[in-house]
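Worksheet: the structure to be examined is printed underneath.
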Amino acid sequence: MTGRIVAGLILSLLLILPSTGQALTPQQGEIWLLIDETTSTLHVYRGKREIERFHPISVGRRGVSQTRLRGDMKTPAGEFRINWINRDSHFNIFLGLDYPNLDNAREAKRSGLFSDAEFNRYLDFYRRHGAPPQDTVLGGNIGIHGLGESDPSVHEQFNWTQGCVAVTNRQIERLADLVQLGTRVIIR
């Protein structure tokens, strides 16, 4: 019972704290990723210094957007964390993001996409599993992945994913060596 009260208090605090929408200043030595749709580039930083750059990347067929809904073929903009890694993916390696995160859920509630019941279900799922539910109106299973058996020439010419960020197989293998669970990813 005490654990539920503490968890409820923590979630309540998270809900009343303002969301700045701004990326936190990188810690010295922190590895983090910046995905920039306008330059079709994924940058890898250690602190403030760029250490790798992957170009071209592919995003969702309908680009990057602040608002993403399940099935709309858009890549969500914002700040996320890598919260799961699948090294046996159809796309070679899949670095799963914590989408939809708490900021996305708050905005969905504010805009009316989530009812009070849906928002509470989101919070309950997150509290129990330590990760967001993947079956909301906002969609899920967003991440960074390789091409697998996909056509590299399509990757070089078009945004082709359903909302993820794609890099080549060689690039995802290098990226998987650099990141870990909790690595910050900013998509803009």
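Quick note: the coordinates plus some simple rules give every number you see, no bench work behind them. These figures come from a predicted structure and were not determined experimentally. Cβ atoms come from the backbone with ideal geometry, glycine included; neighbour counts cover every protein chain shown.
In the chain, a dipole from Cβ-located charges (positive for Lys and Arg, negative for Asp and Glu) runs towards its positive end, and of 102, 158, 145 it is 102 whose Cα lies farthest in that direction.
Taking Cα centre as origin and charging only the Cβ of basic (Lys, Arg, +1) and acidic (Asp, Glu, -1) residues, the dipole magnitude of the chain rounds to 440 debye.
Note down the net charge around residue 44, summing +1 for each Lys or Arg and -1 for each Asp or Glu among other residues with Cβ under 13 Å from its Cβ.
Result for the neighbourhood of residue 44: +1.
Reported to the nearest whole Å, the Cα centre-to-centre distance from segment 68-126 to segment 143-188 is 17. Per the Debye formula on identical point scatterers at the alpha carbon atoms of segment 82-141, with no solvent, log10 I(q)/I(0) at q = 0.24 Å⁻¹ is -0.93. When 40, 153, 115 are sorted by how many other C-beta atoms sit within 10 angstrom of their C-beta, beginning with the fewest, the order is 153, 115, 40. Residue order for 44, 165, 154, fewest other beta carbons within 10 angstrom first, comes to 154, 44, 165. Distant-in-sequence amide contacts of residue 65, defined by a placed amide H-H separation under 5 Å and a gap of 5 or more residues or a different chain, comprise 75, 77.
For the chain, the longest principal axis of the Cα atoms and the long axis of helix 169-178 meet at an angle of about 50 degrees.
The order of 95, 181, 34, going from fewest to most other C-beta atoms within 10 Å of their C-beta, is 181, 34, 95. Derived value for the chain: Kirkwood hydrodynamic radius 17.2 Å. Basis is the mean of 1/r over every pair of different alpha-carbon atoms.
Put a plus charge on the Cβ of each Lys and Arg, a minus charge on the Cβ of each Asp and Glu, and nothing anywhere else: the dipole of segment 119-188 about its Cα centre is then about 420 debye.
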